[in-house]
Amino acid sequence: MMEVPITKLEFTKELVRDTGRLIQSLMSQNLNIDTKQNAHDFVTNVDKQAEEFMVAAIQAMYPDQGFITEEKMIDNEVKHDMWIIDPIDGTTNFIFQKRNFAISVGYYEEGQPKFGIVYDVVGDEMYVGITGEGAYLNEQKLEPLDPNVALKDAIVNADNRMFKTFKVDLDEHIMVQRYLGSAALEIIAVAAGRTNSYMSRRLKPWDIAAAVIVLKEVGGTWYFGDYHDAIAYDDKHEVFISGSNATILESLIALR
């Protein structure tokens, strides 16, 4: 019988699970912790090893691929086929909590999203968004989000510094504020219907590239800088505001 070639999506799902096993095998060892742009912007040897592992596997399987990765273990170069990778989203959580972090891989062609995978390593929850085909948690399809929830009834994930960027006291306009510390998992929380919005003052493409594909497939929406329901490949920080529906998103924008 002829062997059926593995699809890019199935290859990536297997790769992400393999990377999760690699991360778990390294978690119990002594971490080498460095900082990047400031004293609390952490990176570990595990971030770097996980990224190298994924990039090498992708390059071995598929030629002429472009990459945008957080740890820059490969030159970031835009090509037709683009992999946007954060090997450990939530590195501070990884270091100090050993949970609430995720592997994030978004795959794009000619700037258009094809699929995104966010894998909660410790929780063993794999979220997959496939453009035009839906979103899934461990192969079970996610339900569409409620389009009728208003901001006053919303659970909003963001830190206090983001709340201070609003011209009003945002606490008076929402149900409650929460914060986790992993952009990918917080966007996924919106997509899964556990919260209604996630916002951040300073995100880069690898923080959101996979999770927003999941979010879009269940009816969520967002702004990333000046981009609406889209991302940019630029390596610079942008404000990110998302909502489980357009009403929540536009209500938040109006209050800024």
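The values are calculated or read from the model by the stated rules, or taken from the named source; none is laboratory data. Small disclaimer: the values here were computed from a predicted structure and weren't measured. Glycine also receives a Cβ, built like all others from the backbone with ideal geometry; neighbour counts cover every protein chain displayed. We work out accessible area using only protein heavy atoms, side chains counted, and drop any ligands, DNA or RNA first. Shrake-Rupley method; radii C 1.70, N 1.55, O 1.52, S 1.80 Å.
Among the residues of the stretch 140-177, those that are under 30 Å from R21 (Cβ atoms) and touching a residue at least 12 places away in the same chain (Cβ under 8 Å) comprise L142, E143, N157.
Considering only residues that are open to solvent by 40 Å² or more (accessible area, probe 1.4 Å) and either aromatic (F, W, Y) or touching a His at 6+ places or on another chain (Cβ under 9 Å) (or both), look in the stretch 108-130 and name the one that is nearest to T19 (Cα to Cα). So the residue we want is E109. Yes or no: T91 closer than 18 Å to V214 by Cα and polar (S, T, N, Q)? No: the conditions fail for T91.
The residues listed here are D124, D153, D64, D75; of these, the one that is under 18 Å from G193 (Cα atoms) and not β-branched (V, I, T) is D153. Of all the criteria given as (1) more than 19 Å from G193 (Cβ to Cβ); (2) surrounded by fewer than 21 Cβ atoms within 10 Å (Cβ to Cβ); (3) of a type in the set (S, T, Y), the one not satisfied by S104 is (2).
If you go through the stretch 207-238 and pick out every residue that is open to solvent by 10 Å² or more (accessible area, probe 1.4 Å), within 17 Å of E70 (Cα to Cα) and in a helix (DSSP H, G or I), you end up with 1.
M162 meets the conditions (1) within 27 Å of I88 (Cβ to Cβ); (2) open to solvent by 10 Å² or more (accessible area, probe 1.4 Å) in every case but one. The failed one is (2).
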